[in-house]
């Protein structure tokens, strides 16, 4: 069994024309069950994190003002999501989901989250549809709870994980590796421990060369856990991606990450990361890929 972490609150009511397709999380869950990639016995529900837990990676001012819906116009606009009490509650469950996924991976080798990957959120502001940084909160919490000493964050979203990079700039317990499109959001890209910036339209083969470089860095770091952001906005049909990868290429990418971790005895927790397209069916099918690949290691 590969545990899959999910909660119905992941798809809160949302403007239907918004670029961030909030309903994709529910549709992903339903498709995974319908196609029997997972069963209901695989599903584990998370508990929400507290506001105090979020402050392990974010400033008190930012956390308090977000939950009070009291952010200034500039910081609220930078997130890009319309505030609601349901959205705020969703954030606590989604972070709790990534934390639970990581703990299950430490116990069982692999675990998958049906959400997560909010890597554009910085210490004192959110950005790019990311309110709080679930990757950073999870890593810092695991280290604080002495469940892990060294954590490797492998970010394969098409966009650089700028928030993750800044939060861990002076932290030697967490290695941040971002494989992303060079000419894409964010405009300013702070240094990760390892940034592999790729030119537009490189396709599958060149991407896999870059991925092997990232995995070599992971093996050299010898982490207790890998947190893997399996963003599908690298796909050739994605509205915001520019790397021209095929669905087969994404499958090969995910398989290689999981196989490298399994073969070397490194637990791996996956999050779905970014993916943007008006065609929700195609987008959801791409988000299924990481879960399909994880089943090969049961």
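Please go through region 260-280 and pick out each residue that is surrounded by fewer than 20 Cβ atoms within 10 Å (Cβ to Cβ), at pLDDT 95 or above, part of a helix (DSSP H, G or I) and touching a helix residue (DSSP H, G or I) at 6+ places or on another chain (Cβ under 9 Å).
262
Within the group 116, 80, 109, which residue is under 18 Å from residue 23 (Cα atoms) and over 17 Å from the mean Cα position of the chain (by Cα)?
Among 116, 80, 109, only 80 is under 18 Å from residue 23 (Cα atoms) and over 17 Å from the mean Cα position of the chain (by Cα).
Under the condition of being modelled with pLDDT of 90 or more and within 17 Å of the chain's Cα centre (by Cα), which residue from region 236-254 is surrounded by the fewest Cβ atoms within 10 Å (Cβ to Cβ)?
Top of the filtered list is 251.
Out of the residues in region 135-177 that are touching a helix residue (DSSP H, G or I) at 6+ places or on another chain (Cβ under 7 Å), closer than 24 Å to residue 245 by Cβ and touching a residue at least 60 places away in the same chain (Cβ under 8 Å), which is surrounded by the most Cβ atoms within 10 Å (Cβ to Cβ)?
This residue is 135.
Filter region 12-43 down to the residues that are buried (at least 18 other Cβ atoms within 10 Å of the Cβ) and in contact with a strand residue (DSSP E or B) (Cβ under 6 Å, 6 or more places away or on another chain), then identify the one that is nearest to residue 108 (Cα to Cα).
Out of the qualifying residues, it is 42.
Which one is farthest from the chain's Cα centre (by Cα) among residues in region 1-25 that are closer than 15 Å to residue 279 by Cα and assigned to a helix (DSSP H, G or I)?
So the residue we want is 24.
What tally of residues in region 45-66 results from selecting those that are farther than 22 Å from residue 166 by Cβ and out of contact with any strand residue (DSSP E or B) (no Cβ under 7 Å at 6 or more places or on another chain)?
So the answer is 4.
The values are calculated or read from the model by the stated rules, or taken from the named source; none is laboratory data. All of these numbers come straight from a predicted model, not from anything done at the bench. Note that we place each Cβ from the backbone using ideal geometry, even for glycine, and neighbour counts take in every protein chain shown.
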